[in-house]
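Participant: Pasting in a structure now, in structure tokens, and then I'll have a few things to ask.
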Amino acid sequence: MAGTGHASSRRRSVAPRAPVAAVTRVLAVAVLVGLLPGCGHRAPLLTPTAARQILQTERQLNEQANGALDIDVQDRHETGAAARIDDDAFRRLREAGKTAVPDVYQVSAARTFVPRQYRYPAEFLGQWTETYAGGAHGTSVGLFVRPTPADPWRATLYLYTPSDSPDPLPDLVVDRDGYATRLSFDDLERLNANPDRLAREVADFWNGYADPAFALTPMLAPGTWTTTRNEETRGDVAKKSVQNQVEQFSASPGPYRYDSAYRTRFGGALLFISVVEHIVVAVVPPMSLVTPVDYRGRQVLPLAVTKGAHEVWVDVLHLIAVDVPPGGRQARLIDGYSGPIAAARVN
């Protein structure tokens, strides 16, 4: 083993003794080198170069899964909320007679944002451009996690921002070695950017959709995913008043909760929250629902109601990216990925 400083006792007994001053200087240099970034420490678990290869492999598996609605392949590169939403989407597409995901796109301009990490669980962000057949394009972000060395790297969260979005993704900062900065809990507190608190604030505001004058919390800026969304929810519920539709929002607990946050170029944070939307619809004669139920353009589940009174409920999971600027300014909800994760018919 080279460089360890170990030698036999016989060699030590005949080695000349270095002057004390020289030894002191050597030790001082060693300590100084040990304090320099990237020196005297073990290497991070994951480099930006290795992360780009992981992202490329994941995108190839995603294309393979989408081309055959293969849930087993999908679960090789997805976990958590991403797998929960997308596995159910595959089942609904199969039930509708589909054999592949209908929207085909090309991936380009892939980047990774890797924090310096020395123990598991580990994570990184991937970012890439998606271009669809009709020319529409936008930016996607994936949060990749590896809980233990025995686990594969898999995506637990996806977000997509169209190129014409009024709320673009912020630029993330990287150091001279290409590593991103993952923010600690204390960093987020200084930015007034606690993810759990932000998720509760969003859920509380969305619960006020029925009142056009309901005030937006001072923590959140108006935008597509706040004020505009409440207007759309209010209009959707009004159109279905005869069905007695009601909606209730709550911050998502358990496996769909996130505490990942990354430093943006101007000193703010990009973080992720999740909110669950619980929808209840009372279906009364002579109305009928046919297979599959459709929720705002999304197939929810195979379900047929032809007679009698029924109640249908649907849970929709919303994964949301939040841009928190420095200086105590309002946070913007900038991106989201949503999908039904549960549904049932009662009575």
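Participant: Can we say Phe249 is of a type in the set (Phe, Trp, Tyr), part of a loop (DSSP other than H, G, I, E, B) and not assigned by TED's automatic domain parsing to the domain that holds Ala122? Give the steps one after another, and end with the answer.
Facilitator: Details: of a type in the set (Phe, Trp, Tyr): yes; part of a loop (DSSP other than H, G, I, E, B): no; not assigned by TED's automatic domain parsing to the domain that holds Ala122: yes.
Criteria not met by Phe249.
Participant: Let me ask another. Suppose the filter is farther than 18 Å from Leu271 by Cα and among the hydrophobic types (A, V, I, L, M, F, W, C); does Ala150 pass it?
Facilitator: On the way: farther than 18 Å from Leu271 by Cα: yes; among the hydrophobic types (A, V, I, L, M, F, W, C): yes.
For Ala150, the condition - farther than 18 Å from Leu271 by Cα and among the hydrophobic types (A, V, I, L, M, F, W, C) - is met.
Participant: Name the pairs: first residue in region 78-101 and in the same structural domain as Val275 (by TED's automatic domain parsing) and without any contact (Cβ under 8 Å) to a residue 60 or more places away in the chain, second residue assigned to a loop (DSSP other than H, G, I, E, B) and surrounded by 18 or more Cβ atoms within 10 Å (Cβ to Cβ), Cβ to Cβ under 7 Å, at least 6 apart or on different chains?
Facilitator: Short answer, once both residue conditions are applied: none.
Participant: Say whether the condition of being of a type in the set (A, V, I, L, M, F, W, C) and more than 22 Å from the chain's Cα centre (by Cα) is met by at least one residue in region 77-97.
Facilitator: yes
Participant: Here's something else I'd like to know. Have a look at Thr131, Thr156, Thr224, Thr228 and point out the one that is polar (S, T, N, Q), out of contact with any Lys or Arg (no Cβ under 9 Å at 6 or more places or on another chain), over 20 Å from Val114 (Cβ atoms) and assigned by TED's automatic domain parsing to the domain that holds Gly80.
Facilitator: Values: Thr156 fails: over 20 Å from Val114 (Cβ atoms); Thr224 fails: assigned by TED's automatic domain parsing to the domain that holds Gly80; Thr228 fails: assigned by TED's automatic domain parsing to the domain that holds Gly80.
Of Thr131, Thr156, Thr224, Thr228, the one residue that is polar (S, T, N, Q), out of contact with any Lys or Arg (no Cβ under 9 Å at 6 or more places or on another chain), over 20 Å from Val114 (Cβ atoms) and assigned by TED's automatic domain parsing to the domain that holds Gly80 is Thr131.
Participant: Within region 129-152, restricting attention to residues that are aliphatic (A, V, I, L, M) and exposed (fewer than 15 other Cβ atoms within 10 Å of the Cβ), which residue is nearest to Val73 (Cα to Cα)?
Facilitator: The residue in question is Ala150.
Participant: When you scan region 306-347, how many residues do you find that are modelled with pLDDT of 90 or more and either in a loop (DSSP other than H, G, I, E, B) or acidic (Asp, Glu) (or both)?
Facilitator: 4
Participant: Considering only region 220-237, I want to know if a residue exists there that is touching a Phe, Trp or Tyr at 6+ places or on another chain (Cβ under 9 Å), farther than 27 Å from Ala282 by Cα and not in a loop (DSSP other than H, G, I, E, B).
Facilitator: Yes.
Participant: Out of the residues in region 79-113 that are surrounded by 18 or more Cβ atoms within 10 Å (Cβ to Cβ) and of a type in the set (Val, Ile, Thr), which is nearest to Phe124 (Cα to Cα)?
Facilitator: Thr112
Participant: Same structure, new question: Please indicate, with yes or no, whether at least one residue in region 256-272 is among the aromatic types (Phe, Trp, Tyr), out of contact with any helix residue (DSSP H, G or I) (no Cβ under 9 Å at 6 or more places or on another chain), at pLDDT 90 or above and not in a loop (DSSP other than H, G, I, E, B).
Facilitator: Within region 256-272, one or more residues are among the aromatic types (Phe, Trp, Tyr), out of contact with any helix residue (DSSP H, G or I) (no Cβ under 9 Å at 6 or more places or on another chain), at pLDDT 90 or above and not in a loop (DSSP other than H, G, I, E, B).
Participant: Give the residue, chosen from Ala193, Ala155, that is of a type in the set (Gly, Ala, Ser), under 16 Å from Gln330 (Cβ atoms), in contact (Cβ under 8 Å) with a residue 40 or more places away in the chain and crowded, with 19+ Cβ neighbours inside 10 Å.
Facilitator: Going through Ala193, Ala155 in turn, just one is of a type in the set (Gly, Ala, Ser), under 16 Å from Gln330 (Cβ atoms), in contact (Cβ under 8 Å) with a residue 40 or more places away in the chain and crowded, with 19+ Cβ neighbours inside 10 Å: Ala193.
Participant: Then there's this: Across region 231-272, what is the total count of residues that are charged (D, E, K, R) and in contact (Cβ under 8 Å) with a residue 60 or more places away in the chain?
Facilitator: Adding up the residues that qualify gives 5.
Participant: Related question: For residues in region 239-255 being within 30 Å of Arg182 (Cα to Cα) and modelled with pLDDT under 90, which is surrounded by the fewest Cβ atoms within 10 Å (Cβ to Cβ)?
Facilitator: Gly254
The values are calculated or read from the model by the stated rules, or taken from the named source; none is laboratory data. The shown structure was predicted, so the numbers you read here are calculated from the model rather than taken from an experiment. Counting neighbours? That spans all protein chains shown, and the Cβs are built from the backbone with ideal geometry, glycine included.
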